[in-house]
1. Please determine, by comparing only the residues of the stretch 147-156 that are assigned to a helix (DSSP H, G or I) and over 29 Å from the mean Cα position of the chain (by Cα), which one is surrounded by the most Cβ atoms within 10 Å (Cβ to Cβ).
2. Do we find a residue being basic (Lys, Arg) and either surrounded by 12 or more Cβ atoms within 10 Å (Cβ to Cβ) or at pLDDT 55 or above (or both) anywhere in the stretch 5-16?
3. Among the helices (runs of 4 or more DSSP H) contained in the stretch 32-146, which hold 3 or more residues that are surrounded by fewer than 24 Cβ atoms within 10 Å (Cβ to Cβ) and free of Cβ contacts under 8 Å to residues at least 60 places away in the same chain?
4. Answer yes or no as to whether residue 172 is within 25 Å of residue 48 (Cβ to Cβ), not hydroxyl-bearing (Ser, Thr, Tyr) and not in a helix (DSSP H, G or I).
5. When you check residue 124 against the structure, is it under 18 Å from the mean Cα position of the chain (by Cα), more than 27 Å from residue 185 (Cβ to Cβ), among the charged types (D, E, K, R) and assigned by TED's automatic domain parsing to the domain that holds residue 263, yes or no?
6. For residue 159, work out the one condition from (1) surrounded by fewer than 14 Cβ atoms within 10 Å (Cβ to Cβ); (2) modelled with pLDDT of 95 or more it doesn't fulfil.
7. Could you please find all residues in the stretch 239-267 being within 30 Å of residue 112 (Cα to Cα), surrounded by fewer than 20 Cβ atoms within 10 Å (Cβ to Cβ) and aliphatic (A, V, I, L, M)?
8. Would you check if residue 174 is within 24 Å of residue 241 (Cβ to Cβ), among the charged types (D, E, K, R) and surrounded by 16 or more Cβ atoms within 10 Å (Cβ to Cβ)?
Amino acid sequence: MKKWVCRAGPTLLALAIAALLLAPAAQADDFPSRPIKLLVGAPPGGTTDTIARAIAGPMTEALKQPVLVENRPGAGGNIAADQVAKSAADGYTLLVSFSSHTINASLYPKLPYDPVADFTPITKIATVPSLLVGNPKLPAKDLKELIQLAKAKPDKLTFGVGGIGSSVHLAGEKFKLMTGTRILNVPYKGTAPALTDVLGGQVDLMFISYVTGAEQVKSGNLRAYGVTTAKRLPAFPDLPAIGEVVPGFESTAWFGVFGPARLPKAVTDKLHGVIVAALTDPTLRERLQNEGAVPVGDTPAEFAAFVKEDIERWAPIVKASGATPN
């Protein structure tokens, strides 16, 4: 009986293997072929929105496709995060998130997604400090006097909280824990209404992003008591770091870009390269630094490790504060 041998077999196998090896490269070469969406879990005008729009322009130019910012505020950023977690892993729907991404892991009893497993970290864009500010009519003229006033009047002073679970909310909880003060939280749905009431004197204090608060301080509309960075800021050399009065206090917000889980490495690397290149551009760096932001641009692996560490870092503070989502 004559045996037939398929001599094309090895050739076909070799072609199949080559196709698999070349697939990621081809995917990166073809990407993107249509507009990319950057989902932001915060309203327009906030720090996250500002930073997302700052990188959208350079990304559009480099990728030759529109990069569109879409605001999906609500639930501390969870609405936008959930949509990205459940989107196709093709790089066309990305998340520009912030510190709440890791804080929410402890704040919410149950999330509709896993903040680690359901995302592909691409890069941390920047970190931004906060300012502890108050209405100028408060009798305390500096941070030491403010702490003394809060201790003398427990539960009388108030903190405006622009979002439960935000970095500025947890900065306030950390401040109260480390100073042994009792200051009442007044929650708001966003920074703008909280700021309005602090400016109007209905609320005494708030932690506010440098991006939002710096001009109000410079104009005299708010009194600044301290900055949350480890050292003083060059823009406010006379304003102490809170850690000078409360040793060990430090709190900065971070902002980064995520894709859904299982984003192909070639696409991840291409997006990472474009964003990091944008962050090295002197014009964008100056723009971010003028906003009080410190550009980062770490690797996907470094950002992934940071996210895990940050969840552990905030967990005890969330627990001690007793905070719950509003």
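The values are calculated or read from the model by the stated rules, or taken from the named source; none is laboratory data. No experiment lies behind these values; they were computed from the predicted model shown. Ideal geometry is used to build each Cβ from the backbone, glycine not excepted, and the neighbour counts take in all protein chains shown.
1. Let us first name the residues in the stretch 147-156 that are assigned to a helix (DSSP H, G or I), namely 147-152.
Then keep just the ones that are over 29 Å from the mean Cα position of the chain (by Cα); that gives 148-152.
Working: 148: 13, 149: 16, 150: 22, 151: 12, 152: 10.
That would be 150.
2. Initially, the stretch 5-16 is screened for residues basic (Lys, Arg), giving 7.
If we keep only those that are either surrounded by 12 or more Cβ atoms within 10 Å (Cβ to Cβ) or at pLDDT 55 or above (or both) as well, we get none.
Looking through the stretch 5-16, none of the residues is basic (Lys, Arg) and either surrounded by 12 or more Cβ atoms within 10 Å (Cβ to Cβ) or at pLDDT 55 or above (or both).
3. Numbers: elements: 47-63, 78-85, 100-107.
Once the helices (runs of 4 or more DSSP H) in the stretch 32-146 are filtered for at least 3 residues that are surrounded by fewer than 24 Cβ atoms within 10 Å (Cβ to Cβ) and free of Cβ contacts under 8 Å to residues at least 60 places away in the same chain, what remains is 47-63, 78-85.
4. On the way: within 25 Å of residue 48 (Cβ to Cβ): yes; not hydroxyl-bearing (Ser, Thr, Tyr): yes; not in a helix (DSSP H, G or I): no.
Spelling it out, it is not the case that residue 172 is within 25 Å of residue 48 (Cβ to Cβ), not hydroxyl-bearing (Ser, Thr, Tyr) and not in a helix (DSSP H, G or I).
5. Numbers: under 18 Å from the mean Cα position of the chain (by Cα): yes; more than 27 Å from residue 185 (Cβ to Cβ): yes; among the charged types (D, E, K, R): yes; assigned by TED's automatic domain parsing to the domain that holds residue 263: yes.
Yes, satisfied.
6. Here residue 159 clears every test but (1).
7. Answer for the stretch 239-267, where residues must be within 30 Å of residue 112 (Cα to Cα), surrounded by fewer than 20 Cβ atoms within 10 Å (Cβ to Cβ) and aliphatic (A, V, I, L, M): 261, 266.
8. Numbers: within 24 Å of residue 241 (Cβ to Cβ): yes; among the charged types (D, E, K, R): yes; surrounded by 16 or more Cβ atoms within 10 Å (Cβ to Cβ): yes.
When the stated conditions are applied, residue 174 passes them.
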